[in-house]
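The values are calculated or read from the model by the stated rules, or taken from the named source; none is laboratory data. What you see is a predicted model; the values in this text were computed from it and never measured. Reconstructed Cβ throughout: ideal geometry from the backbone, glycine too, with neighbour counts over all protein chains shown. Each accessible area value is taken on the protein alone, full model and side chains, heavy atoms only, with ligands, DNA and RNA left out. Shrake-Rupley method; radii C 1.70, N 1.55, O 1.52, S 1.80 Å.
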Amino acid sequence: MTDTNIDMNRIPRHIAIIMDGNGRWATERGKHRSYGHQAGVEAVRRITSECTRLGVEYLTLYTFSTENWNRPADEVAALMGLVLTSLEDEIFMKNNVRFRVIGDIGRLPAEVQAKLQETMDHTAGNTAMTMVVALSYSAKWEITKAVRDIAAGAKAGIIDVDDITEDTVAQHLQTNFMPDPDLLIRTGGEVRISNYLLWQIAYSELYFCDTYWPDFDEQCLHRAIADYQGRQRRFGKTEAQVEDNGLTQDNKHTR
């Protein structure tokens, strides 16, 4: 059931989420951290279904950062196994969701890479929503790679240095197939971005909550969206300019 505070005509087009708190959720229950990651998969299923129902077009989930490779080997192995098993879920087909992935995929185990590609191929024709999983991802890595690619293009004479714009950078990012996030949600009580979509969230609305990711449910999502809808998105303009131009908090920032 949709929260009555939500205006269904002003749903964010793109929601990005930092799914934090799985390990702490498990530890507080006397369980291994992997138990929390498994519970986090259930939250992904809930939120994916609800975002699809609400009409969100893109949902981007921070699943595994490049820094996460430094975690204990058994936890990394468990996470990789969880990626494989969670992609078996038919939630993509049931909800008509297209699956995409961003990140340094070459670092992932071969079987994980194969499963990711299989899922992308299998869901390529789905149209209700695109779910993007950030795996082995960091924004600094992404931006550095974009700079290298642009520099290589300039060296090869394909790109004129004088023609490099913000659009040029954006088109060389992993996220060039989708709009920037309108709303970034972070669960788990931490108030930081943690190297996630740093270029893309320049004008995103940020929402932080104390709820651990395994406990994040439809009502939590509704509260985040209601909070987003209560804000005025100015994109550098003054409040008076926004009102004079007839803009609303739902005007999208385009590249």
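Couple of notes before you dig in:
- Among the trypsin sites (Lys or Arg not before Pro) in the stretch 22-57, those placed in a DSSP loop whose Cβ has at most 14 other Cβ atoms within 10 Å are Arg29, Lys31.
- Other residues lying with their Cβ under 12 Å from the Cβ of Ser49 contribute a combined charge of -2, Lys and Arg counting +1, Asp and Glu -1.
- At R0 = 35 Å, FRET efficiency that the Cβ-Cβ distance of His32 and Val191 yields, to 0.05: 0.85
- Under-5 Å amide H pairs with Thr211, H placed in peptide plane, nonlocal only: Gly188, Gly189
- For the stretch 54-210: relative contact order, % (alpha-carbon pairs under 8 angstrom, 6 or more apart): 25 percent
- Lys/Arg +1, Asp/Glu -1 at C-beta; the stretch 45-91 dipole; positive extreme among Leu84, Gly55, Trp69: Gly55
- Solvent exposure of Ser194, expressed as accessible area, is near 50 Å², computed with a probe of 1.4 Å over the protein chains only.
- Lysine pair count for the chain (Cα-Cα distance under 27 Å; residues 8 or more apart in sequence or on different chains): 8.
- When exposed loop sites are taken as GluC sites (Glu not before Pro) in a DSSP loop with at most 11 other Cβ atoms within 10 Å, the longest stretch of the chain clear of them is 91-255.
- Once both labels are positioned 7 Å from their Cα atoms along Cα-to-Cβ, the gap between Val76 and Glu42 label points is 2.9 nm.
- Note on the chain: helix-only mean residue ellipticity at 222 nm, from DSSP H runs of 4+ residues weighted -39500 (n - 2.57) and normalised by residue number, equals -12000 deg cm²/dmol.
- Sorting Leu206, Leu135 by solvent-accessible area of protein heavy atoms yields Leu206, Leu135, largest first, with a 1.4 Å probe.
- Each residue of the stretch 133-139 was assigned a 3J(HN,Hα) from its phi angle through the Karplus expression (A = 6.51, B = -1.76, C = 1.60, θ = phi - 60°), giving 9, 8, 10, 6, 10, 8, 5 Hz with x at Gly and Pro.
- 3J(HN,Hα) along the stretch 158-167: 7, 10, 8, 3, 5, 9, 6, 10, 4, 4 Hz, from the Karplus curve 6.51 cos²θ - 1.76 cosθ + 1.60 with θ = phi - 60°, whole Hz, x for Gly and Pro.
- Amide H contacts for Glu205 (H built 1.01 Å from N in the peptide plane; partners 5 or more residues away or on another chain; cut-off under 5 Å): Leu183, Leu184.
- Diffusion coefficient of the chain by Stokes-Einstein, Kirkwood radius over Cα pairs, 10 °C, 1.306 mPa s: 82 µm²/s.
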